[in-house]
Amino acid sequence: MKKLVGLSFGLLAIAALAGCGTMQAKSSDDKALNVTMVGNPATANPAISGDSNSSSIIAQTQEGLYTLNEQGKVVAGVAEKVVKPTKNGTVYTFKIKKAAKWANGDPVTAQDFVTSFQWQINPKSKSQVANKLKFLKNYDAVQAGKKAVSALGVKALDKSTLQLTLSKAQPWLPDILATSEYPMKTDLFKKYGSKYGTSSTKTMSEGAYKLVGWSGTTDSWSYVKNTHYWNAKNVKINKVAVQVVKDPSTSASLFKSGKVQETTLSGQYIKQNANNKELKTTLNSSMRFLEFNDKKTVTHNTKVRQAFSYVIDRNALTKNVLQDGSAAAKSLIPYGDGDDPTTGKDFSEDVGNLLSYNPKKATQLWNQAKKELGIKGANLELLTADTDEQKHAAQYLQQQAQKYMPGLKLTIKSMPLAQQIAKGSAGNFDIDLDGWNTGWRDPSDFLQMADGTSPVNFTKWDNAHYTNLLKKVDDTSAYTTQQRWDLMKEADKYVTQQAGLVPLYQQAKAHLVSNQVGGLKYTMMTDAQYKYAYWK
C-alpha cells in the first residue's frame, strides 16, 4: 500500500545547497540532479513500505520482476520477459536475468523474491502492504498464523527460477509486480532481520541507483548509479541528490534559484506558477479521506461520521483552500481508477456523486448523535502530517466542523508522516486525515481501506455486510468481470453512505521540472523515474 501522507518527492541547509549548485561537473553525466521530497520516508524495506515517501525511495533504488517503461507501461524488469500465466491464470513462472545484480555484484536470485514476499506476508512483520499479495496460495492461513510462511505460494525452483501460485486469477498482478513488489537481499535480511531497510547501510539496491547516506531520519541522501544494474548503460545521470523540503515556498525558491531541478509544489504556489512552462500537473491515483477510530465511543457513532461528511464543501476545499489542481471526491474511488468492462465508462462516473455539502443536515445528525451518546459536546483530535497541503485541509475541516457541530472542539495535531502512520496503525487517534495511493487500476485497492479484515484499515470499522461484499469482489473464480464490477459499485455506495471512511479529494501532483532536464514523465499511477532522466 501507499499511505498518502504526501505525494512522492521532496532540506539540506540552503548553504549546503548553494555549494552543490556551484560545483563544476566534469561532464553532464557527473552533474548531480537535485530533487526534493515532501517528507521523510519511514522505511527502505520493500516488504513493509506503506507510505508514498518510502515507496518513492524504493522505486528509485529497486527493481521488481517487472518495471515501467518511459510511458508507464509494464515491461520486463529483472525477469527475462513478461510471462503468460498457466493453469487458468493461477501460476506464473519467471526466469531472472543472468545480468541482474545487486549493488555489490552478487546475482539477484529467486530466493531473494521468496524472502521478500514471505516477510511481507509474515504476521510478525506487521506489514501494511501484506494484502497486495493476498491472492497468493495460502495467504489467509499464513497471515492468520495457521500455516508457516513456507506454505505461501511463492517458490524458488532453482537459483534463477521463481514460481508464484495464486489461489485465483488476478488480472492486475503485472501492475503490482511492476510497482510494488521487490526482492530483499537474503543474506542481509538474515543478518538484520526487522532492522532491514532502516538505513542505507542495512539494505542493498539492485535497481538503477544505490541508496547512499540515508539514516532513517536524515533530511538528505543520494541515489548513486548502480554500475552492476543490468541496464546501467542506459542510465544517463550518475547521481541524484535528494532533500526533504516540507515548505512549498522553500521548494519554489530553491527551484527559481536553480538549486534544484525537480520539486513538488502545493497550494498557492501551483496557482502562482500556472503559466510556468516548467510546471507539470497531473491528477494522481490517490484519494484523501478521514478515518474515524471505530474503537472510540464518539467516533464509532455513524451519525457523527456522517455529520463530518456533510460539513465539507469539497469544491470549496479543492478550489479555494488547496488550489493545487486536486479534484473534489465523489466517492471513495478516484477518477481514472477503472473502466466498466462492458461500457468502458469510468468507475467514478458510473457510480456518480455520492457526496454532498449539507451543513443543516450535518447539524441535525450531530445533535441526534449527542442525544444517543448522552453528551453535550466532545473534544476530538484531528491527526495530520506536517505538510502544507494537510495543514490547510485540516484548518478548513476544523473551521467547518466547529461551526456546524455545536459543542465540538476539534484540535489539530500535525507531525511527520512516519509518526502519523505509526499512530494510525496503532489506533492512537480520534480522526486521521489519511490517504491512499494505488499502483494499479482496480477500485478494490481503495475499497479494502475500510475492510475489517484488512491490515491497512486503521479505523477498525468492521462491518459484516461490507466485508462480505469485498469477499465476493475478491472471488474472481465465482464472479464474472461484470459481476465483480457491479459488486464494487455496491460496496463503494455502501461505505460512503455509512461513512466508514469520509472521502475528501483526489490529489493532484504538481512538479516544477527544469527545462534542462529530459525524461521525467508523470502519469496518474507513477511519478518520474530518474533512471530515464537526462541532461539536455
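The values are calculated or read from the model by the stated rules, or taken from the named source; none is laboratory data. Remember, it's a predicted structure, so these values are computed and weren't measured experimentally. Every residue, glycine among them, receives a Cβ derived from its backbone with ideal geometry; neighbour counts consider all protein chains shown. Remember, those area values only see protein heavy atoms, side chains included, never the ligands or the DNA or RNA. Shrake-Rupley method; radii C 1.70, N 1.55, O 1.52, S 1.80 Å.
If you check Leu188 against the conditions, is it modelled with pLDDT of 95 or more, within 29 Å of Thr481 (Cα to Cα) and of a type in the set (A, V, I, L, M, F, W, C)?
In short, no.
I'm trying to understand the selection: among the residues of region 374-387, which are under 19 Å from Thr302 (Cβ atoms) and open to solvent by 50 Å² or more (accessible area, probe 1.4 Å)?
Gly374, Ile375
Might you let me know whether region 509-524 holds any residue that is part of a loop (DSSP other than H, G, I, E, B), surrounded by 24 or more Cβ atoms within 10 Å (Cβ to Cβ) and touching a strand residue (DSSP E or B) at 6+ places or on another chain (Cβ under 9 Å)?
no
For region 413-432, indicate whether the set of residues that are assigned to a helix (DSSP H, G or I) and under 21 Å from Lys134 (Cα atoms) is non-empty.
The answer is yes; a qualifying residue exists.
Does region 211-218 contain any residue that is surrounded by fewer than 18 Cβ atoms within 10 Å (Cβ to Cβ) and on the phi > 0 side of the Ramachandran plot?
yes
It is to be established whether one or more residues within region 217-231 are part of a loop (DSSP other than H, G, I, E, B), polar (S, T, N, Q), out of contact with any helix residue (DSSP H, G or I) (no Cβ under 7 Å at 6 or more places or on another chain) and modelled with pLDDT under 95.
The answer is yes; a qualifying residue exists.
Can you spot a residue in region 466-487 that is crowded, with 24+ Cβ neighbours inside 10 Å, assigned to a loop (DSSP other than H, G, I, E, B) and either modelled with pLDDT of 95 or more or among the hydroxyl-bearing types (Ser, Thr, Tyr) (or both)?
Looking for residues that are crowded, with 24+ Cβ neighbours inside 10 Å, assigned to a loop (DSSP other than H, G, I, E, B) and either modelled with pLDDT of 95 or more or among the hydroxyl-bearing types (Ser, Thr, Tyr) (or both), one finds none in region 466-487, hence no.
If you check Lys319 against the conditions, is it basic (Lys, Arg), more than 18 Å from Thr384 (Cβ to Cβ) and touching a helix residue (DSSP H, G or I) at 6+ places or on another chain (Cβ under 9 Å)?
Taking the combined requirement at face value, the residue does not satisfy it.
Give the number of residues within region 436-487 that are hydroxyl-bearing (Ser, Thr, Tyr) and farther than 19 Å from Phe347 by Cβ.
The qualifying residues number 5.
Looking at (1) under 26 Å from the mean Cα position of the chain (by Cα); (2) closer than 22 Å to Met37 by Cα, which is the only condition Pro341 fails?
Unmet condition: (2).
Has region 169-176 got any residue that is among the small types (Gly, Ala, Ser), surrounded by fewer than 18 Cβ atoms within 10 Å (Cβ to Cβ) and not in a loop (DSSP other than H, G, I, E, B)?
Looking through region 169-176, none of the residues is among the small types (Gly, Ala, Ser), surrounded by fewer than 18 Cβ atoms within 10 Å (Cβ to Cβ) and not in a loop (DSSP other than H, G, I, E, B).
Has region 260-272 got at least one residue that is part of a strand (DSSP E or B) and of a type in the set (A, V, I, L, M)?
Yes: region 260-272 contains one or more residues that are part of a strand (DSSP E or B) and of a type in the set (A, V, I, L, M).
Just to be sure, is Tyr182 in contact with a Phe, Trp or Tyr (Cβ under 7 Å, 6 or more places away or on another chain), aromatic (Phe, Trp, Tyr) and under 21 Å from Tyr532 (Cα atoms)?
no
Given the condition on the phi > 0 side of the Ramachandran plot, surrounded by 19 or more Cβ atoms within 10 Å (Cβ to Cβ) and not aromatic (Phe, Trp, Tyr), answer yes or no: does some residue in region 143-150 qualify?
No, because not a single residue in region 143-150 is on the phi > 0 side of the Ramachandran plot, surrounded by 19 or more Cβ atoms within 10 Å (Cβ to Cβ) and not aromatic (Phe, Trp, Tyr).
Tell me which residues, restricted to region 83-108, are in a loop (DSSP other than H, G, I, E, B) and open to solvent by 30 Å² or more (accessible area, probe 1.4 Å).
Lys84, Pro85, Lys87, Asn88, Lys97, Lys98, Ala99, Asn104, Asp106
Give just the number: which of (1) in a helix (DSSP H, G or I); (2) closer than 28 Å to Gly435 by Cα does Phe189 not satisfy?
Exception for Phe189: condition (2).
Does region 154-167 contain at least one residue that is modelled with pLDDT of 95 or more, part of a helix (DSSP H, G or I) and surrounded by fewer than 17 Cβ atoms within 10 Å (Cβ to Cβ)?
No; the residues of region 154-167 include none that is modelled with pLDDT of 95 or more, part of a helix (DSSP H, G or I) and surrounded by fewer than 17 Cβ atoms within 10 Å (Cβ to Cβ).
Quick one: in region 148-198, of everything that is among the hydrophobic types (A, V, I, L, M, F, W, C) and touching a Gly at 6+ places or on another chain (Cβ under 7 Å), which residue is farthest from Ile96 (Cα to Cα)?
Ala169
Answer with yes or no whether Lys202 is within 17 Å of Val78 (Cβ to Cβ) and either at pLDDT 95 or above or open to solvent by less than 10 Å² (accessible area, probe 1.4 Å) (or both).
no
Which members of region 232-271 meet the condition of being of a type in the set (Lys, Arg), under 17 Å from Tyr530 (Cβ atoms) and modelled with pLDDT under 95?
none
Name every residue in region 424-447 that is closer than 17 Å to Ile48 by Cβ and either more than 14 Å from the chain's Cα centre (by Cα) or of a type in the set (S, T, N, Q) (or both), in order of residue number.
Gly424, Ser425, Ala426, Asn437
Working only within region 279-317, note down all residues that are open to solvent by 50 Å² or more (accessible area, probe 1.4 Å) and not in a loop (DSSP other than H, G, I, E, B).
Lys280, Thr281, Leu283, Thr297, His300, Lys303, Tyr310, Asn315, listed by residue number.
When the residues of region 219-248 are filtered to those that are basic (Lys, Arg) and more than 30 Å from Ala385 (Cα to Cα), which remaining residue is most open to solvent (accessible area, probe 1.4 Å)?
Lys233
Somewhere in region 493-502, is a residue under 26 Å from Glu349 (Cβ atoms), in a helix (DSSP H, G or I), among the aromatic types (Phe, Trp, Tyr) and open to solvent by 50 Å² or more (accessible area, probe 1.4 Å)?
yes
Are any of the residues in region 401-411 surrounded by fewer than 16 Cβ atoms within 10 Å (Cβ to Cβ), in a loop (DSSP other than H, G, I, E, B), at pLDDT 95 or above and polar (S, T, N, Q)?
No - not one qualifying residue is present in region 401-411.
State all residues of region 331-387 that are among the β-branched types (Val, Ile, Thr) and part of a helix (DSSP H, G or I); if no residue qualifies, say none.
Of everything in region 331-387, those that are among the β-branched types (Val, Ile, Thr) and part of a helix (DSSP H, G or I) turn out to be Val351, Thr363.
If you check Leu365 against the conditions, is it crowded, with 21+ Cβ neighbours inside 10 Å, modelled with pLDDT of 95 or more, farther than 30 Å from Ser180 by Cα and not charged (D, E, K, R)?
yes
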